[in-house]
Amino acid sequence: MSKYTLLFFKKDCMGCHSCEVACKQEHGLGVGPRLVRVIENSPDFTPIYCHHCANAPCKESCPVDAISRNEKGVVLIDEDPCIGCKECMEACPFGAMQFDDDQDVAVKCDLCVDRLARGEAPACSLVCGTQCIFWGDTAALHKRIDMEKR
């Protein structure tokens, strides 16, 4: 069965922040958490996002098992059991976990799981002007990375 992930080709990012805006709109987020962030490291840009890790440290660190993985490999947070301890934020090696102060829970990219269920692409990947955002089967994306390195 396919496992999904998200991939940004950092070298192609121009820092337009369209992915951030699309994500906020898709998830109805106000000021505060950005589930996808683009950080400027002049002259380059670094996208910060959830990699939906195979052995997700955030999942392992959660003391109440509020973080799970669905059948497509998408790492998800269930806000109901989340106690807001921020252990997952500390554990994430990519800085992808955010905290929603209004809800008092951890939040992160869910790969637009509702869109995926409808056969649609994640919102961030649709708006990228340089087309540096890819999503899909993890194995296929790893092959693509190997090809890019050549």
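Name the residue that is most open to solvent (accessible area, probe 1.4 Å), counting only residues in the stretch 98-113 that are out of contact with any Leu (no Cβ under 9 Å at 6 or more places or on another chain) and in contact (Cβ under 8 Å) with a residue 24 or more places away in the chain. Even if it seems obvious, please write down each step before you answer.
So the first thing to find is which residues in the stretch 98-113 are out of contact with any Leu (no Cβ under 9 Å at 6 or more places or on another chain), and the list is 99, 101-106, 112.
From what is left, the residues that are in contact (Cβ under 8 Å) with a residue 24 or more places away in the chain are 99, 101-103, 105-106, 112.
Values: Phe99: 32, Asp101: 115, Asp102: 137, Gln103: 114, Val105: 8, Ala106: 5, Cys112: 13 Å².
Among those that are out of contact with any Leu (no Cβ under 9 Å at 6 or more places or on another chain) and in contact (Cβ under 8 Å) with a residue 24 or more places away in the chain, it is Asp102.
How many residues does the stretch 125-136 contain that are in contact with a Pro (Cβ under 9 Å, 6 or more places away or on another chain) and open to solvent by less than 20 Å² (accessible area, probe 1.4 Å)?
At the first step, the residues of the stretch 125-136 found to be in contact with a Pro (Cβ under 9 Å, 6 or more places away or on another chain) are 132-133, 135.
Those still in the list that are open to solvent by less than 20 Å² (accessible area, probe 1.4 Å) too: 132-133.
Of the residues in that region, 2 qualify.
For the stretch 17-88, list the strands (runs of 3 or more DSSP E) that sit wholly inside it and hold at least 2 residues that are open to solvent by 70 Å² or more (accessible area, probe 1.4 Å); which are they? Lay out the reasoning, then the answer.
Numbers: elements: 37-41, 44-48, 67-69, 75-77.
Passing ranges, in order: 37-41.
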Worksheet item: Taking only pairs six or more apart or across chains, which ones have beta-carbon atoms under 6 Å, a first residue in the stretch 122-138 that is touching a residue at least 12 places away in the same chain (Cβ under 8 Å) and closer than 13 Å to Cys50 by Cβ, and a second residue that is assigned to a strand (DSSP E or B) and among the aliphatic types (A, V, I, L, M)?
Response: Cys124/Ile133; Trp135/Leu6
Fill in: Matching residues, the stretch 1-16, being open to solvent by 60 Å² or more (accessible area, probe 1.4 Å) and in a loop (DSSP other than H, G, I, E, B)
Met1, Lys3, Met14, Cys16
Discussion item. Any residue that is out of contact with any Ser or Thr (no Cβ under 8 Å at 6 or more places or on another chain), without any contact (Cβ under 8 Å) to a residue 12 or more places away in the chain and over 20 Å from Asp12 (Cα atoms) - is there at least one of those in the stretch 40-59?
Written reply: yes
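On the given criteria, is Pro93 at pLDDT 95 or above, assigned to a loop (DSSP other than H, G, I, E, B), more than 15 Å from Cys53 (Cβ to Cβ) and of a type outside the set (Ser, Thr, Tyr)? Before you say what the answer is, go through the steps one by one.
Working: at pLDDT 95 or above: yes; assigned to a loop (DSSP other than H, G, I, E, B): yes; more than 15 Å from Cys53 (Cβ to Cβ): no; of a type outside the set (Ser, Thr, Tyr): yes.
Taking the combined requirement at face value, the residue does not satisfy it.
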Worksheet item: What are the pairs, 6+ residues apart or on separate chains, where a residue within the stretch 64-75 that is closer than 15 Å to Val107 by Cβ has its Cβ under 7 Å from a residue that is acidic (Asp, Glu) and part of a loop (DSSP other than H, G, I, E, B)?
Response: Ala66/Asp78; Ser68/Asp78; Val74/Asp110
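Here's the yes/no breakdown for (1) assigned to a helix (DSSP H, G or I); (2) farther than 24 Å from Gly30 by Cβ; (3) out of contact with any Asp or Glu (no Cβ under 7 Å at 6 or more places or on another chain):
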{"position": "Gln103", "(1), (2), (3)": "no, no, no"}
{"position": "Leu111", "(1), (2), (3)": "no, no, yes"}
{"position": "Asp114", "(1), (2), (3)": "yes, no, yes"}
{"position": "Thr130", "(1), (2), (3)": "no, yes, no"}
{"position": "Trp135", "(1), (2), (3)": "no, yes, yes"}
{"position": "His142", "(1), (2), (3)": "yes, yes, yes"}
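The values are calculated or read from the model by the stated rules, or taken from the named source; none is laboratory data. Just so it is clear, the structure is predicted and the values come from calculations on it, not from any experiment. We place every Cβ from the backbone using ideal geometry, glycine too, and count neighbours over all the protein chains shown. The protein model used for the area step is the full one, side chains on, heavy atoms only, and it has no ligands, DNA or RNA in it. Shrake-Rupley method; radii C 1.70, N 1.55, O 1.52, S 1.80 Å.
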